[in-house]
Amino acid sequence: MPAMSFARVMGRAAVVALLIVSCQGANSTPPDGTPPDGALPDGAPTGCDPGAKECHADGLYSCDANRAFQLTAACASCEATPVPHCAVSCADAGITSICEGDSVKDCATGMTVSCEVGTCLPFGQQAVCATKPGTSTCQGRQADGAPYLLACADANGVSTTEVCDQRTGQCVAAQFDCPALTSVPAGNVACDHASGNYYSACVAGQPTAVTCSSDTTCADDGTTNCYTGSTPGGACGGSTVCYPGLHCVQQAADAASCVRPAGQLACNSTDVLAVCNDVDTGVACVDGTVWWWKNLTAWGGSCTSNRITLAAGGVCLPGLADCKQGLECHRSPYDITGICRTPEADAPAECTLTAQISTGRSCSYDWHACRDGHYYDIDCRPVNLGGNVLTLCDCSVDGAKTNTFSGSAICNVTSTGMLDASAMAGCLWDVTTVDVTEN
């Protein structure tokens, strides 16, 4: 994917390198005395589920595509938990990391890293932090706010049929071909035309993904959009973007669909803007894609000063078409648009930075599309107090002033992390910037 600007990448959930141990050297040739048809030495029947693993006296067996167990790793000690695997230690040749409980131990340094909400599983000659059995959540934030990303696992170890979907933070069923993904640059995802999803290169035998629904597909255009087919009439909004040349038109809270326009608007790949025709009608252009909102006042919205305000069910574009105060713009950082809805109870203030201006001595920041449904704003300006020029900042929540602090440090931040820390110190907010718009 092409390089992205600071504004585009800040707050994007970055593809995190998975901490990735396996039984030493797989051996596909059964030891002497093992029946050639794949039956286990102890007479256990075939008819297993492909991919299933079991420990036996001479090592680790895996079920092949013919539903027969085959010896895949000969070893003197095979452990059944947390998944069947040949026991290893840092003293074994080639082993770079091992599991110690739910932590990964680096054999070179002796340091351990906790898998936190997940569990440690063996994979190859390393160890991987993965989801616990029966748990589908693979991405999120820990209690201290630090992000985590886990491999998706099943009863046999790291899954070969699931991936972590970064749109939802959940493990989802998927088909993927790791050798075909080796050219994807680190930290990026690329369109996999076979599945219609965006995949990263594989780590520990599994990519991370930005998935598309069954009726949409990825594209090689540098975005993570999921496009509808070229025929008008498909539903749009959220992760679904209309096929190039179609417009996403919303005329009621539950009716947004792709329409072929009578004439194409001049909306190019660098435009980011919204325009109000009148209080009932607004149009926006982002990255060459057009959205319309019509009959706005009839279903609870409005359009004034080229800012669209939307009721529940509205297709929201943070900073251009914002949900009414008290509603959440439900979207992932990989989506251009979201859907306005009532926030979940006790939702954290994870927000999109929808406006930012700074001269070094004065600055303003707006956060909308927050999971808790609130708007957050900071406005800083220089003032002369007895001949001393100071920067004074006002903090507001939903338009109501909540605190004032002095100092220009917040006008000179270089990352969203610094901005969030400065806002917390000055405004006493616990706001996390998870995305940054480009308007």
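The values are calculated or read from the model by the stated rules, or taken from the named source; none is laboratory data. Keep in mind that what you see is a predicted model, and the values were worked out from it rather than measured. Heads up, the Cβs are rebuilt from the backbone with ideal geometry, glycines too, and the neighbour counts pull from every protein chain shown.
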When restricted to Thr81, Thr96, Thr119, the only residue modelled with pLDDT of 90 or more and within 21 Å of Gly51 (Cβ to Cβ) is Thr119
Expected single match for among the acidic types (Asp, Glu) and at pLDDT 90 or above among Asp280, Asp287, Asp254, Asp271 is Asp280
Here are some conditions: (1) modelled with pLDDT of 95 or more; (2) within 20 Å of Cys285 (Cβ to Cβ). Gln170 meets all but one. Which one does it not meet?
(2)
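Residue-by-condition table, conditions (1) farther than 24 Å from Leu419 by Cα; (2) polar (S, T, N, Q); (3) outside any strand (DSSP E or B):
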| residue | (1), (2), (3) |
| --- | --- |
| Cys316 | yes, no, no |
| Gly319 | no, no, yes |
| Gly326 | no, no, yes |
| Cys329 | no, no, no |
| Glu344 | yes, no, yes |
| Ala347 | no, no, yes |
| Thr352 | no, yes, no |
| Ile357 | no, no, no |
Just to verify a result, which residue in the range 393-439, among those that are in a helix (DSSP H, G or I), under 29 Å from the mean Cα position of the chain (by Cα) and among the small types (Gly, Ala, Ser), is surrounded by the most Cβ atoms within 10 Å (Cβ to Cβ)?
Ala423
State all residues of the range 107-127 that are over 14 Å from Val158 (Cα atoms), part of a strand (DSSP E or B) and touching a Cys at 6+ places or on another chain (Cβ under 9 Å); if no residue qualifies, say none.
Val113, Ser114
Taking first residues from the range 320-344 that are on the phi > 0 side of the Ramachandran plot and second residues anywhere that are assigned to a loop (DSSP other than H, G, I, E, B) and surrounded by fewer than 24 Cβ atoms within 10 Å (Cβ to Cβ), the pairs with Cβ under 9 Å that are 6 or more apart or on different chains are Gly326/Thr342; Gly326/Pro343; Gly326/Gly373; Gly326/His374; Gly326/Asp398
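Being in contact with an Asp or Glu (Cβ under 8 Å, 6 or more places away or on another chain) and acidic (Asp, Glu) is true for just one of Asp144, Asp165, Asp154. Which residue is that?
Numbers: Asp144 fails: in contact with an Asp or Glu (Cβ under 8 Å, 6 or more places away or on another chain); Asp165 fails: in contact with an Asp or Glu (Cβ under 8 Å, 6 or more places away or on another chain).
Unique residue meeting the criteria: Asp154.
Condition first: in a strand (DSSP E or B), buried (at least 18 other Cβ atoms within 10 Å of the Cβ) and either out of contact with any helix residue (DSSP H, G or I) (no Cβ under 7 Å at 6 or more places or on another chain) or modelled with pLDDT under 95 (or both). Now tell me which residues in the range 366-390 satisfy that. Quick ask: steps written out before the conclusion?
Restricting attention to the range 366-390, the residues satisfying the condition of being in a strand (DSSP E or B) are 366-368, 376-385, 388-390.
Next, from what is left, pick out any that are buried (at least 18 other Cβ atoms within 10 Å of the Cβ): 366-368, 376-378, 380.
Once the filter is applied, which keeps residues that are in a strand (DSSP E or B), buried (at least 18 other Cβ atoms within 10 Å of the Cβ) and either out of contact with any helix residue (DSSP H, G or I) (no Cβ under 7 Å at 6 or more places or on another chain) or modelled with pLDDT under 95 (or both), the range 366-390 yields Asp366, Trp367, His368, Tyr376, Asp377.
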Filter the range 74-127 for residues that are buried (at least 22 other Cβ atoms within 10 Å of the Cβ), among the β-branched types (Val, Ile, Thr) and touching a Ser or Thr at 6+ places or on another chain (Cβ under 7 Å); which is farthest from Tyr148 (Cα to Cα)?
Ile98
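Taking only the range 128-149 into account, find how many residues are in a loop (DSSP other than H, G, I, E, B) and among the hydroxyl-bearing types (Ser, Thr, Tyr).
First pass over the range 128-149, keeping only residues in a loop (DSSP other than H, G, I, E, B): 131-136, 138, 142-146.
When the remaining residues are screened for being among the hydroxyl-bearing types (Ser, Thr, Tyr), the result is 131, 135-136.
Of the residues in the range 128-149, 3 are in a loop (DSSP other than H, G, I, E, B) and among the hydroxyl-bearing types (Ser, Thr, Tyr).
Considering each of Val286, Val272 in turn, give the residue that is hydrophobic (A, V, I, L, M, F, W, C), under 26 Å from Thr416 (Cβ atoms) and under 21 Å from the mean Cα position of the chain (by Cα). Steps first, answer last, please.
Values: Val272 fails: under 21 Å from the mean Cα position of the chain (by Cα).
Unique residue meeting the criteria: Val286.
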